[in-house]
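Read through the structure below, which is laid out as C-alpha cells, and then see the notes.
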Amino acid sequence: MRRTSLLRGARVRARNVWHRLAGPPHDADYKTVWNRAAARNAVDAIFTGATAETFENSGRDDAGRLLPLVRPDSRVLNIGCGIGRVERYLAPHVGELWGVDISGEMIARARIRLAEAPNVHLRELAAREFLSSFDSSSFDLVFSFLVLQHLEKEDAYLYLEDARRILKPEGRLSVQFPNLLSPEYSVTFTEDARLWPRNSGRVRPYTEPEVRHLLESAGFAVTHLSVEAGRESNAEIYAQASRRK
C-alpha cells in the first residue's frame with residue numbers, strides 16, 4: 001500500500017466539517033456547493049481533515065498510481081481536478097494534462113497552483129455539460145479520484161459514459177469510489193441518511209458489484225478492481241478499465 005491508514009482515514013474524518021464548508025442544502029446545485037466550499041477552505045473540501053502535508057502526499061501517491069498507465073506523450077484528463085492536487089505531480093510525466101471542474105473557484109486556485117506547468121490546461125464546466133466540449137477518441141487516459149463519490153449516481157454514470165466517448169480505442173480509465181461495506185463509510189451513510197435537507201455534495205458510497213456494473217454499463221471492460229484499507233478496514237474501491245470496442 002502506498003498510503004498509511006491515517007492518510008486514507010483523512011478522507012472520511014470530520015464529516016460535519018464538510019457540511020459546514022459546503023453550506024446549505026440539497027437544492028443547491030453542484031456548482032454553487034463547490035464554489036462555496038472552495039471559497040471557505042478548498043483543501044479541506046477536497047480531502048476532509050487533511051493537513052498541508054497529507055494533502056500533498058495524497059496527490060503524489062495518486063499520481064504514482066497512474067504512472068504505469070501513461071507515457072511521456074500521453075494526453076490525459078482528470079474529472080474534478082479541484083485545485084490541482086494530482087496535476088502537480090502527474091504533469092511532468094505526460095505530454096498534455098487537462099483538468100476540468102464544475103467549480104470556477106477551484107479552477108481559479110488551480111491556475112495559481114499550476115502556473116509553472118505549461119502542459120496543464122484547466123477548464124470550468126457548465127452545469128450538465130459533462131465532457132461534451134472534448135472531441136471523441138482524443139485521450140489516452142481519463143481518471144477521477146475523490147470526485148464521482150460526490151455526485152448523484154446517475155450523474156456519475158453519465159460522466160463515465162462520456163469518458164468512454166473521449167477515450168481513444170486503446171485508452172484507459174482509472175477511478176475511485178468509497179466502499180459502502182467498510183465501517184467508516186457505512187457509518188457515514190447511515191448518519192447522512194438521517195440528515196435533512198441533505199447536501200448535494202455529500203459522499204455516496206458504492207459496493208464492488210455496483211462499481212463493476214456501472215463501468216460495464218458505461219461501455220468499459222474492467223481490467224483491475226481492488227479494495228484498499230482505510231482507518232479501520234477496506235474503505236476505498238479502485239478500478240481500472242479499458243474502453244470496450
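Any read-out appearing in this document is the output of simple, stated calculations on the displayed coordinates, not a laboratory observation. Please read these numbers as outputs of a predicted model, since none were measured by experiment. Positions of Cβ are backbone-derived with ideal geometry, glycine not excepted, and every protein chain shown enters the neighbour counts.
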Practice problem: For the chain, set up a Gaussian network in which alpha carbons nearer than 10 Å are linked by springs, and say which option among 123, 85, 71 fluctuates the most. | Solution: 71
Quiz prompt | Kirkwood estimate for the chain, i.e. one over the average of 1/r between Cα atoms, Å | solution = 17.9 Å
Exercise. State which helices in the chain qualify, where a helix is a whole DSSP H run, it must extend 18 Å or more along its own axis by its Cα atoms, and its mean Kyte-Doolittle hydropathy must be at least 1.6.
Key: none
Quiz item: Of the trypsin sites (Lys or Arg not before Pro) in the range 176-240, which ones lie in a loop per DSSP and count no more than 11 other C-beta atoms within 10 Å?
Solution: 194
Self-check item: 5 angstrom amide H check on residue 180, placed H, neighbours 5+ away
Solution: 206, 207
Quiz item: Given the rule -39500 (n - 2.57) for each run of at least 4 DSSP H residues, summed and divided by the residues of the chain, what is its mean residue ellipticity at 222 nm, to the nearest 500 deg cm²/dmol?
Solution: -11500 deg cm²/dmol
Self-check item: Among 32, 207, 190, residue whose mean-square fluctuation peaks in a GNM of the chain (springs only between Cα atoms under 10 Å)
Solution: 190
Quiz item: Each residue of the range 128-134 in turn: what ³J(HN,Hα) in whole Hz from Karplus with 6.51, -1.76, 1.60 and θ = phi - 60°, glycine and Pro shown as x?
Solution: 6, 6, 6, 10, 5, 7, 10
Quiz prompt | GNM flexibility winner over the chain from 46, 102, 112 (Cα, springs under 10 Å) | solution = 112
